[in-house]
Every structure is written in structure tokens, then in C-alpha cells.
Number of protein chains: 2
Amino acid sequence: MRNVSAQSLSENRIIRLLQSMFQDKSPALKKGIGDDAAVIRIQNSQEYWLLTTDMLLENIDFRRGWTTPRQLGYKSLAVNLSDLAAMGARPRFYTVSLALPEGFTGRWILEFYRGLAELGNGQGVLLVGGDLSRSEDGILVSIAALGESAGRKVLYRSGGRAGDILYVTGVLGRSAAGFKLLEDGCVRPRSRPQLEALRAHQKPEPRCDAGMWLAQCGWVNCMMDLSDGLSVDLPRLCAASGVSAEIDASVLPIFRRSAVWGCDPVSLALHGGEDFELLFAVPNSKARTLEANYPVKLPKITRIGAMIRGAGKVWISEGGRNRCRLIEKGFDHFRRNTSRNLFRSK
Amino acid sequence: MRNVSAQSLSENRIIRLLQSMFQDKSPALKKGIGDDAAVIRIQNSQEYWLLTTDMLLENIDFRRGWTTPRQLGYKSLAVNLSDLAAMGARPRFYTVSLALPEGFTGRWILEFYRGLAELGNGQGVLLVGGDLSRSEDGILVSIAALGESAGRKVLYRSGGRAGDILYVTGVLGRSAAGFKLLEDGCVRPRSRPQLEALRAHQKPEPRCDAGMWLAQCGWVNCMMDLSDGLSVDLPRLCAASGVSAEIDASVLPIFRRSAVWGCDPVSLALHGGEDFELLFAVPNSKARTLEANYPVKLPKITRIGAMIRGAGKVWISEGGRNRCRLIEKGFDHFRRNTSRNLFRSK
């Protein structure tokens, strides 16, 4: 709500009021407001069903000139599947609402749906409904996705404990490096790293397979996806788990090659948003076992630090030196640092 | 897609292409694209789960000056619950995404959520997630709702047969009469009929209880909700069922008192949208039984005509006289006659 001027009520008060207004009263609700997706118990079923939603708005979440309709369709679904991946669920079904101003061609619309199908078919998730309407101006996409847990194995943001080892999947700061390229007018990549960076920004891969494996292996205490950047998301994981954390900048899986086009890879790894990688914590005693058993076909995982006693604070060092507080600073795309995650960050 | 200029592809071609792109391939999907909600089979469960979504955009679906934030929250949820009611499902959970331009107060936001809670609590449906973000301009609301069938008793748009008696719940054209009042600058009602009309437009009651009863009684062949007006929605029901229909204007449950403020009640009953009443078909042999057993506490039902052999055409008469084709003419609110229901009307 930082971008919405709360003239008479503070943000914290609004959140408290909403939480009291929408208490989870149903025994069918395992987890409501406050995580990446809601977790629903179905009678007689061995599985939980997970529901999530995300809306993408032109000039807030994307620019028309920086994305093809196909990339937009792909990414709109990807950000939703990432929420399901964050809890270890298999994506199953989704709906999509698309609103367009006058003048869009049928070809544009089909390309958008082709982008949805490209990702959806690969992940085995089916489009089951939605609508297409006119907007006054600007493209709007809203998707809701339904996933299924394997048995009752779901990971939450809560559950991490002091001493747990922190891991991330993949590479951090690559999507933000792609955003920088677009911002600098580079729509067509001139090298392989540029291609990778643009691809990470325009067509991010939700980590569904890794998420499901991590939920099912039984060694992970808590998990979330990195949508707003490590410096914003890690404090959320810590707060939900009731701990603090310490990370080591020198071991972060940064996207080093972005330095070629003027980026600071460490800064982007810490503050760049939209990587859609997974962040998770494993008890120290299980960390080696997990590493030894983690399938090679899945995106690599990297130890970045540990959870420590405390109350939601994050410390950063370089190999143990220059230890200081990590400032929460989401990468300023269009609306980084807004409170789109009101319902998620408790 | 009528409002989206399809320069190179016809609307029908786009729909055909989308249908081939998103075929319902999963045995877990009882019904995908093409009805009011998707119907999902859950392993080991005796019930189906139904998923629907609807987006409301400022100046397309509503005007800021014509609605309080509380009414907007209420109505946003109501239109989604109406889709579940249309198939006989009990609403269970929903998510809401709200995007607001700069300058909205915390009080406005809370009032919006109070509107959601007012309807949601009454219907036993729980808010389980969503987000709140900034928009460039204009208020946007997107809701996804999940409902549960009673056993496997779900009603579809298909299933109607020639000879079936057609019924509607409640009163038709009341919401459109309220819209007319607002259009004429009457924000505060000066009579009870005006109050009723404004209320029907601003806080429509989804017919959840009636929908569930009708699905469970076993005498109904097909059902849908009236969101775009009888002259638009009845041909959809007919097309899905592979029949035509004949209705009698003289028996329609019109909102007669709107004539006082210059409306044509019959025209609004035929072409007025957003009544969110239920339209359903019952075999002639069961009609009297249904009427005799229909609970008095539920909104009244009215016979309006019958299904006949044919291919999606609707005929109208006045007590059998002046029989002619009913022209499809959705009431022109802001975007009546757009193809928001691309996925629904087959």
C-alpha cells in the first residue's frame, strides 16, 4: 500500500483489519492469506489443492514495446505457476482474463494465447476458462491457477529454524539484467549472455519440477519464490519462520556477465526482482543428503547462507567480512516496492 | 471480440483456433472452456470442484461516481458467485486482485473489502488470497472463485431438449432500470422501486441457494445465469443444447414500476444485462412437480416459454400473437455486446 496513499489509516492497520475481517474459519482451509498460494483440503482426497492469482498491468508490470504478445502470455502464466512451484504443487488448471484497448488484431490475440499454450502444454496445466474484454486503455492480464500437492507435502514460508542452511535455485539477477538491456533500448540481443538475460526477463521458467522435488524429498523446512528480489523476499521468509538470516555475497549465484553491459551483478542478485527462482531452507543435518540426492536434471542449487536466531532481519557479509544489515531494496522495475503482496507478506 | 478489431482473422476463426489450442485433454476435467465455470474431477472425491473468474474494469463495467467502494466489492464477488450458482455449485473460496491509481485512501480500500466480506460471509465463501497493486489509471478488480458441487450434481448449458419448459428466477430488467437511474443522475433513490432498482444494479444477489436447489432436485435439464440479458443469453443456452426457443413477452417477470422513470420494462427484461437471475429448462413432464416442490423461501420462478426444435434461434410472441424472431441486443451499459464471454458461448 506504499503506492496508495493511506490518508487516514496506516498500512499496518489496514493489514490487521483485513486479517481480522477474513479469518480462516473453515476446516477445509489449511492455509489462507499469507503465503504464495492458498492451500485447500478436499474431503476424502489425499491431496491438497492450491489456488493462486496474479495480475499483470501494462506500464506497471510490463511495457508493450518490450514484449511480444507471445512472451506476455508466457510470462503471465509463468508468474502464477511460480507461486505454485514455491509450495511444491503440480500446476493443473488455470483461467485467464485478458482486456485490450481498441485496435488489437486477432493475430495479436492468438499469439498471446500461443504463449500461454507454449508454457502450459509443457507443464501439463490446462486453460479451463476466462474472458476477453475491452479496456479503456492498456493491456491487462489476470490469471488464476489451481495446483495439486503430492500427498500432503506442501512447503510454506513458515517452518524455517535457526541453523537451517539457505539455498536458491538457478541464477540471481539475470532477469533484472535483461530489464536493464530493454531499458537501454537493446531489444535484440547481441551476445549469448544478452539472449539469456532477455529470455529470463521475457519468458521466465517457473521452477515447478524443482519445487515438487523439494517438497517431496522431506528435507526442506520452508520455501518461497523470488519475485521481488532476495533483499525483499528473504526478510519475508524469515518473518514467516520467526528467524533472521545471514547470507554470503561471495557465494551468490550471480549473473556475472551482465557487468559487460554496465550492471552490478551482485546488486542485481540482491535487489533484482522477477528471477522466479526458489529460496528454501534445509536443516544443517540434512543439507549434505539433500545435495547428494538432488537430481542433476533440475536447475542447480546454491548455498547462500543460513537462518539464525532473530526477528526477520537479514545480514550480509563477503566471506564473513564486512558484515552489515541487508537493506530491503526491491529492484525498481515499474512497481517494485509496491505492496502487491499485501496478502502474502504477513 | 467485436470490440477488438480482428484485422486479419475473423472472430469465429479465432475461437476455433483457441478451442483447438486448448482442447480438454485431462480426464480430471469434466468441463473446460464453454460454460459458466470449469468443472474439475478430484480423485477419490464424490464432489466436483468448479473454477470461474471475472474481471471488472472502471468505465467499462462500472463508473467510480456511481458506486461506493463497498458496493463495488460486493458486486465484484456477486458476478463470480453467480457463475457458480449457474451450475448449481456451492461457493467456497475466492481470491481478489485489486489495482488502484494513486490517491486512494486506506478507508476506501477497507470499504471495498467490507463489501466483499458482506456478501462472502453471508454465502460462506472465504477470501484466501490475492493482491493489491497500483494501476496507471482506473480501478481494476479481478476475482477467481472456487465452488463445490453437491455430489456430482452440476447443471450445464447443454442438456436442454425440445419441449422443455423455460423458467427464470426473480425479476428481469431491474438492474438495467437502476442503471438508467444512474445514467439520469439519480444517485439517491426517491421511492422504493428506485431503491430496489439501484440495489439490483449496485449490489446484485447471486442466486446461489436457488442454483443449488435446482441442481440437486434432479428435474432440471440445463441452466445458466443471465448476465448479458435474455436476448443474448437465451440463444447461448439454446446453442449449447442444440435447440431453439419460444418465449412469451406477456408472462415475463418484468420490473413494471421502472416505467415511472421512463423505462420500457419489457425491453429491459429482454435486453437489460446484469440481472444475474437463473435461466433453466425443465422437461414438460416434471414442470408441475418442480413448481410444487420449489421452496417458497427461494426467489420466485416464472415460466417464460419453452424449448423447441431448431438451431439456436429464439422466437417471441405476446400470448401467442405477433410471433417474431427475438433480436440479440444486449443492453448497452459500457461494454454490453462485447465478447467478454468468448470462452463461454461456444
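The values are calculated or read from the model by the stated rules, or taken from the named source; none is laboratory data. As the structure is a computational prediction, the values presented were derived from the model and not from experiment. Note that each Cβ is placed from the backbone with ideal geometry, even for glycine, and that neighbours are counted across all protein chains shown. These area figures cover heavy atoms from the full protein model, side chains too; ligands, DNA and RNA do not enter into them. Shrake-Rupley method; radii C 1.70, N 1.55, O 1.52, S 1.80 Å.
If you take every DSSP beta bridge whose two residues both sit in the stretch A:92-201, what share of them, in percent to the nearest 5, is antiparallel?
Numbers: 8 of 16 bridges.
DSSP beta bridges in the stretch A:92-201 are roughly 50 percent antiparallel.
Return the long-range amide H neighbours of B:Asp131 (sequence gap of 5 or more, or a different chain), with a cut-off of under 5 Å between placed amide H atoms.
Under 5 Å from the amide H of B:Asp131 lie the amide H atoms of B:Val96, B:Ser97, B:Leu98, each far enough along the sequence or on another chain.
What does a probe at A:Ser285 reach in the stretch A:156-196, counting residues whose amide N is under 18 Å from the point 7 Å along Cα→Cβ?
A:159-166
Using protein chains only and a probe of 1.4 angstrom, how many square angstrom of B:Trp219 are accessible, to the nearest 10?
Probe radius 1.4 Å; accessible area of B:Trp219 about 60 Å².
Could you tally the net charge around B:Ala249, taking each other residue with its Cβ under 12 Å from the Cβ of B:Ala249, Lys/Arg +1 and Asp/Glu -1?
Numbers: positive: B:Arg321, B:Arg323; negative: B:Glu246, B:Asp248, B:Asp264, B:Glu318.
Taking every other residue near B:Ala249 into account, the sum is -2.
Please list 3J(HN,Hα) in residue order for the stretch A:159-174, calculated via the Karplus relation 6.51 cos²θ - 1.76 cosθ + 1.60 where θ = phi - 60°; whole Hz, with x for glycine and proline.
These are the phi-based 3J(HN,Hα) values: x, x, 10, 4, x, 4, 8, 9, 10, 10, 8, x, 10, 9, x, 6 Hz.
Could you list which residues have their amide H under 5 Å from that of B:Gly312, counting only those 5 or more apart in sequence or on another chain, with H placed in the peptide plane?
HN-HN under 5 Å from B:Gly312: B:Val243, B:Ser244.
For the stretch B:30-82, what does the equivalent ellipsoid look like in terms of its semi-axes, each the square root of 5 times an eigenvalue of the Cα gyration tensor, given largest first in whole Å? Could the numbers behind the result be given before it?
Details: eigenvalues 198, 29, 7 Å².
Each semi-axis is the square root of five times an eigenvalue, giving 31, 12, 6 Å.
Once the mean 1/r over all distinct Cα pairs of the stretch B:121-189 is inverted, what Kirkwood radius in angstroms do you read off? Numbers along the way, then the final one.
Numbers: mean 1/r = 0.0560 Å⁻¹.
Mean inverse Cα-Cα distance, inverted, gives 17.9 Å.
Relative to the compact globular guide of 2.2 N^0.38 Å, what is the alpha carbon radius of gyration of chain A, as a ratio? Let's see the in-between values first.
Values: Rg = 19.6 Å, N = 346, 2.2 N^0.38 = 20.3 Å.
In units of the globular-protein estimate, chain A measures up at 0.97.
Only Cα pairs within less than 10 Å get springs; with that Gaussian network setup on chain B, which residue of B:Gly170, B:Gly106, B:Gly211 has the largest fluctuation?
Of B:Gly170, B:Gly106, B:Gly211, the most mobile in the Gaussian network model is B:Gly106.
In whole angstrom, how far apart do the alpha carbon centroids of the stretch A:48-84 and the stretch A:263-279 sit?
Each part reduced to its Cα centre gives a spacing of 18 Å.
What's the total accessible area buried between chains A and B, using a 1.4 Å probe, rounded to the nearest 100 Å²?
On the way: alone 16220 and 16190 Å², together 25400 Å².
The A and B chains share an interface burying roughly 7000 Å².
Accessible area per residue of the stretch B:239-301 at 1.4 Å probe, in Å²?
Working: 2730 Å² over 63 residues.
Roughly 43 Å² per residue, with all protein chains present.
Of all accessible surface on chain B at a 1.4 Å probe, what whole percent is carbon and sulfur? Write down the numbers at each step before the final one.
Details: 5720 of 12690 Å².
Ligands and nucleic acids excluded, carbon and sulfur give 45 percent.
Would you kindly give the portion of the calculated P(r) for the stretch B:7-105 that falls above 15 Å, as a percent of all Cα pairs?
Working: 3490 of 4851 pairs.
Distances greater than 15 Å cover 72 percent of the Cα pairs.
Over all directions, average the projected area of the Cα convex hull of the stretch A:109-229 and note it in nm². Please list the in-between numbers first.
Working: hull surface 43.1 nm².
If I average the Cα hull's projected area over directions, I get 10.8 nm².
Please tell me which of these pairs span more than 20 angstrom C-alpha to C-alpha: A:Lys153/B:Lys25; B:Lys153/B:Lys313; A:Lys31/A:Lys153; A:Lys31/A:Lys329?
A:Lys153/B:Lys25; B:Lys153/B:Lys313; A:Lys31/A:Lys329
Just to confirm, what accessible area per residue do you get for the stretch A:33-129 at 1.4 Å probe, in whole Å²?
Solvent-accessible surface per residue comes out at 25 Å².
Less than 11 Å Cβ to Cβ from B:Gly73, Lys/Arg counted +1 and Asp/Glu -1: what total charge do the surrounding residues give? Provide the component values of the computation, followed by the final result.
Details: positive: B:Arg70, B:Lys75, B:Arg114, B:Lys203; negative: B:Glu111, B:Glu118.
Combined, the nearby Lys, Arg, Asp and Glu give +2.
Where Rh is the Kirkwood radius over the Cα pairs of the stretch B:55-168, the temperature 25 °C and the viscosity 0.890 mPa s, what D in µm²/s does Stokes-Einstein return? Before the final figure, lay out each step's value.
Numbers: Rh = 15.4 Å.
Here the translational diffusion coefficient equals 159 µm²/s.
Along the Cα→Cβ direction, 7 angstrom out, place labels at B:Ala28 and A:Ala292. What is the inter-label distance in nm?
Rounded to a tenth, the inter-label distance reads 3.4 nm.
Along the stretch B:216-232, what does the Karplus equation 6.51 cos²θ - 1.76 cosθ + 1.60 (θ = phi - 60°) give for ³J(HN,Hα), rounded to whole Hz, x for Gly and Pro?
7, 5, x, 9, 9, 8, 7, 7, 7, 9, 8, 9, 10, x, 4, 6, 9
Between beta-carbons, use under 9 Å as the cut-off and find the net charge around A:Ser231, counting Lys and Arg +1, Asp and Glu -1. Numbers along the way, then the final one.
Values: positive: A:Lys329; negative: A:Asp228, A:Asp233, A:Glu328.
Residues close to A:Ser231 contribute a combined charge of -2.
Rank A:Ala245, A:Ala38, A:Ala292 by mean-square fluctuation in a GNM of chain A with C-alpha springs under 10 angstrom and give only the top-ranked residue.
The residue with the greatest mean-square fluctuation here is A:Ala292.
With equal scatterers on the alpha carbons only and no solvent term, can you work out the Debye log10 of I(q)/I(0) for the protein assembly as shown at 0.07, 0.08 1/Å?
Those come out to -0.47, -0.61, one per q.
Quick one: what do you get for the stretch A:175-315 if you divide its Cα Rg by 2.2 N^0.38 Å? Spell out each step's value before the answer.
Numbers: Rg = 15.9 Å, N = 141, 2.2 N^0.38 = 14.4 Å.
So the stretch A:175-315 has a normalised radius of gyration of 1.10.
What residue among B:Gln23, B:Gln194, B:Gln71 shows peak mean-square fluctuation when chain B is described by a Gaussian network model with Cα springs under 10 Å?
Result for chain B, Cα springs under 10 Å: B:Gln23 fluctuates most.
Kindly write out, for the stretch A:201-214 in residue order, the coupling ³J(HN,Hα) from the Karplus curve 6.51 cos²θ - 1.76 cosθ + 1.60 (θ = phi - 60°), rounded to whole Hz, with x marking Gly and Pro.
Computed from phi, the couplings for the stretch A:201-214 are 7, 8, 9, x, 9, x, 8, 4, 5, 4, x, 5, 4, 5 Hz.
With each run of n ≥ 4 DSSP H residues scored as -39500 (n - 2.57), what mean residue ellipticity at 222 nm is computed for the protein assembly as shown after dividing by its residue count and rounding to the nearest 500 deg cm²/dmol?
On the way: 18 runs with 212 residues, N = 692.
Result for the protein assembly as shown: -9500 deg cm²/dmol, rounded to the nearest 500.
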